[in-house]
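Participant: So that we are looking at the same thing, I have put the structure below in structure tokens.
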Amino acid sequence: MGKHIIDTDLYVDLIRTGKSHSVIREIYEKEIPGIHFSSVVAQELLSGVQSALGKRLVRTLLEPFERTGRIVTPTHKVWKEAGDILARIFRIHPEFKSKLPGLVNDGLLAASARSIGVNYCEIISQKERDCMSAGDMDHFDLESGNRNSGNLDNHI
């Protein structure tokens with residue numbers, strides 16, 4: 001069984017609509033013990049909600065992962081690795097330097113995933129990623145996805 005981290009955009013859709021994406025359903029049905037929750041994703045979700053209901057929904061989503069110890073949090077080493085990842089991406093794609101603020105969380109998410117001790121870790125997401133591809137991320141399989149945290153309360 002592989003380890004998985006689900007990116008923010010799929011959880012945003014779940015919170016906004018109350019319906020899980022087919023990718024989430026499939027992973028949860030088949031490999032729930034392998035799913036980990038990133039503190040980076042938690043921060044994005046919590047910063048995107050403004051209402052008490054939105055905060056409650058995010059905390060409800062987080063609670064089982066916190067209870068079972070399947071939270072992945074960036075350490076100092078992970079922050080440094082994220083910097084290295086971004087530097088490699090910028091060498092290959094210098095046009096992405098203008099997108100640095102938005103890419104920091106992506107780099108942290110990827111480096112945090114690597115830190116859980118596997119050679120292969122899927123970061124599951126639904127939209128096309130600007131620059132992070134499997135080649136850019138060494139042994140990561142990044143199944144597409146742009147961040148879509150925004151204000152979640154518009155749809156709750």
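Nothing in this text is a laboratory measurement; each read-out follows from the coordinates by a stated rule. Note that the structure is predicted; figures quoted are calculated from it, not measured. All Cβ positions, even for glycine, are placed from backbone atoms using ideal geometry, and neighbour counts span all protein chains on display.
Participant: Ranked from highest to lowest mean number of other Cβ atoms within 10 Å per residue, what is the order of the peptides 93-106, 33-46?
Facilitator: Ranked by mean Cβ neighbours within 10 Å, highest first: 33-46, 93-106.
Participant: Follow-up. Could you give the alpha-carbon Rg of region 1-96 over 2.2 N^0.38 Å, rounded to two decimals?
Facilitator: 1.23
Participant: Counting only residues 5 or more places away or on other chains, whose amide H sits under 5 Å from the amide H of I35 once H atoms are built in the peptide plane?
Facilitator: Answer set, sorted by chain and number: H4.
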